[in-house]
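Let me begin by presenting the structure, written as structure tokens, before commenting on it.
The values are calculated or read from the model by the stated rules, or taken from the named source; none is laboratory data. Nothing here was measured: the structure is a model prediction, and the numbers come from that model. Don't worry about glycine lacking a Cβ; one is built from the backbone with ideal geometry, like all the others, and counts go over all protein chains shown. Surface areas here come from the heavy atoms of the whole protein model, side chains and all, with no ligands, DNA or RNA. Shrake-Rupley method; radii C 1.70, N 1.55, O 1.52, S 1.80 Å.
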Amino acid sequence: MVHVMTPADISGVLEIEKQCFSDPWSYEMIENGLKSSLDTWLVLWEEGPAGYCVFRIVADECELLRIAVRPEYRGRGLSKKLMDQMVFYSRKNGVKSIFLEVRESNDRARNLYKSYGFTEEGVRKHYYLNPCENAVLMVCRDI
Ligand SMILES: CC(C)(COP(=O)(O)OP(=O)(O)OC[C@H]1O[C@@H](n2cnc3c(N)ncnc32)[C@H](O)[C@@H]1OP(=O)(O)O)[C@@H](O)C(=O)NCCC(=O)NCCS
């Protein structure tokens, strides 16, 4: 099940951040981000918080800022429940293109995005820290 995140979910999302990213967001970053009216935060709930995503819709563009599924829940297609919701919200809000950046080494995520019609349109050199790595810019113009 996917639900819109509330302040009660912050601790669970913080745990997911720590498990899934080498550069996790802090409690304060999540708490402040949740207050932004431009951003939509969704939590994937299995027996507890199993994953989450956040995306930003401005005019006719959406940007996927984060998506993560806890390691023990991966490989079951659960990330698609979050991706499907992002596409649903985007269509509902008249979005024409969805953008995202992904670490060059992240084959799993890149494959997931390709399966949603994203194409790779550029590289941002040394974009990420911890560890330093290029970002691949991916775009879906046919949502
Ligand atoms: C990326 C991530 C969200 C995918 O979650 P998931 O629930 O395991 O993914 P799914 O089971 O839905 O698989 C999605 C697709 O990923 C790809 N995939 C799955 N396992 C893979 C693997 N071992 N190698 C390469 N691609 C793989 C496939 O394209 C798969 O689609 P398919 O089942 O139709 O073949 C998850 O791996 C994750 O949280 N990673 C850490 C955080 C992260 O990197 N987020 C993205 C950057 S913000």
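Numerical summary
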read-out	value
The chain - percent of accessible surface contributed by carbon and sulfur, probe 1.4 Å	50 percent
Peptides ranked, highest mean first, by Cβ atoms within 10 Å: ranges 116-123, 83-90, 55-62	83-90, 55-62, 116-123
Potential lengthening between residue 72 and residue 93 on full extension [0.36 nm per residue; Cα-Cα distance subtracted]	4.3 nm
Distance (nanometres) between label positions extended 7 Å along Cα→Cβ at residue 32 and residue 56	1.3 nm
Centroid-to-centroid separation of region 111-142 and region 28-79 [C-alpha atoms, Å]	17 Å
Label-point separation, residue 108 to residue 127 (7 Å along Cα→Cβ), nm	2.0 nm
Loop GluC sites (Glu not before Pro), region 1-58 (other Cβ atoms within 10 Å of the site Cβ: 10 or fewer; DSSP)	47
